[in-house]
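The values are calculated or read from the model by the stated rules, or taken from the named source; none is laboratory data. Note that the structure is predicted; figures quoted are calculated from it, not measured. Glycine gets a Cβ as well: all are built from the backbone with ideal geometry, and neighbour counts include every protein chain shown. Only protein heavy atoms, including side chains, enter the accessible area calculation; ligands, DNA and RNA are left aside. Shrake-Rupley method; radii C 1.70, N 1.55, O 1.52, S 1.80 Å.
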Amino acid sequence: GRKFFVGGNWKCNGTIEEVKKIVSTLNDSKAPPQDVVVVVSPPFVFLPLVQSLLRPDFQVAAQNCWVKKGGAFTGEVSAEILVNLGIPWVILGHSERRSLLGESNEFVGDKVAYALSQGLKVIACVGETLEQREAGSTVDVVAAQTKAIAERISDWKNIVVAYEPVWAIGTGKVATPDQAQEVHSELRKWLTDNVNAEVAESTRIIYGGSVNGANSKELAAQLDIDGFLVGGASLKPEFVYIINSAT
Ligand code: 13P
């Protein structure tokens, strides 16, 4: 089975005081860590603080890293630096970076391959815009995004795919359980046809986009939804409820 996976993407939010408060809420929670992988992703500068305070059965992720070996790349953080700090996970290809910072499918694929090669585990994000959905190209878009990754890697054991429809991110407009399940199932089929059946069966495909305490249980019940990548609600106490929504 695919172990349920819940990531909290804090994006560009938080103060030292708020970070301490969120972490203490998580630490006090009765989440069943043996059944769920929990990963929280604060902004880079808070990573050491969160890592030092967070209960040991929860993990941390960076929200990005540089595409290749570090060096003269002002403002960037390399995979090697994350490894050196003991950060196990990195989120790559988030739609906010694809759209606002112009990260292409190929660039994201290069990042995923490099991060994996350095020993990081990767949450790789894919998803269509509203315009692409309305044009009927959702499956083509997520397949092309996944293909750019698949062409560059051979081992899938350290990668989680996050399906995050852009129109559902931060909008309160969550995909219905049927809409999400449909794309997750198409993605799994794509993996079967283009990678292999074993990878398709074992790779977790998690959903992101306006997940909250009121909708997470119904989404979690879908056959091909193996967890969540939560934005806004991961900064609130209801994240604890979302962590527990598969049980
Ligand atoms: P929201 O949960 O705020 O919609 O954000 C989802 C997301 O982008 C997680 O990476």
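One residue is enough: does segment 117-124 have a residue meeting the conditions buried (at least 20 other Cβ atoms within 10 Å of the Cβ) and more than 19 Å from Phe228 (Cα to Cα)? The answer is yes; a qualifying residue exists. Take segment 62-97 and flag every residue that is outside any loop (DSSP other than H, G, I, E, B) and within 17 Å of the chain's Cα centre (by Cα). Across segment 62-97, the qualifying residues are Ala62, Ala79, Leu82, Trp89, Val90, Ile91, Leu92, Ser95, Glu96, Arg97. Out of everything in segment 47-85 that is open to solvent by 70 Å² or more (accessible area, probe 1.4 Å) and of a type in the set (Gly, Ala, Ser), what residue ends up being nearest to Val23 (Cα to Cα)? That would be Ser52.
Of Gly119, Gly102, all but one fail to be more than 12 Å from the ligand (Cβ to nearest atom), more than 22 Å from Val60 (Cα to Cα) and not in a helix (DSSP H, G or I); the exception is Gly102.
Residues considered: Arg133, Arg97. Of these, the only one that is in contact with a helix residue (DSSP H, G or I) (Cβ under 9 Å, 6 or more places away or on another chain) and within 14 Å of the ligand (Cβ to nearest atom) is Arg97. Answer yes if at least one residue in segment 170-181 is more than 11 Å from the ligand (Cβ to nearest atom), touching a strand residue (DSSP E or B) at 6+ places or on another chain (Cβ under 9 Å) and outside any helix (DSSP H, G or I), and no otherwise. Scanning segment 170-181, I find no residue that is more than 11 Å from the ligand (Cβ to nearest atom), touching a strand residue (DSSP E or B) at 6+ places or on another chain (Cβ under 9 Å) and outside any helix (DSSP H, G or I), so the answer is no.
Residue pairs whose Cβ atoms lie under 6 Å apart, separated by 6 or more positions or on different chains, with the first residue in segment 80-94 and in contact (Cβ under 8 Å) with a residue 40 or more places away in the chain and closer than 16 Å to Leu229 by Cβ and the second polar (S, T, N, Q) and within 13 Å of the ligand (Cβ to nearest atom), are Ile91/Ser41; Ile91/Gln63. Listed by first and then second residue, the pairs linking a residue in segment 198-222 that is open to solvent by 50 Å² or more (accessible area, probe 1.4 Å) to a residue that is of a type in the set (S, T, N, Q), with Cβ atoms under 7 Å apart and 6 or more places separating them unless they lie on different chains, are Lys217/Ser245.
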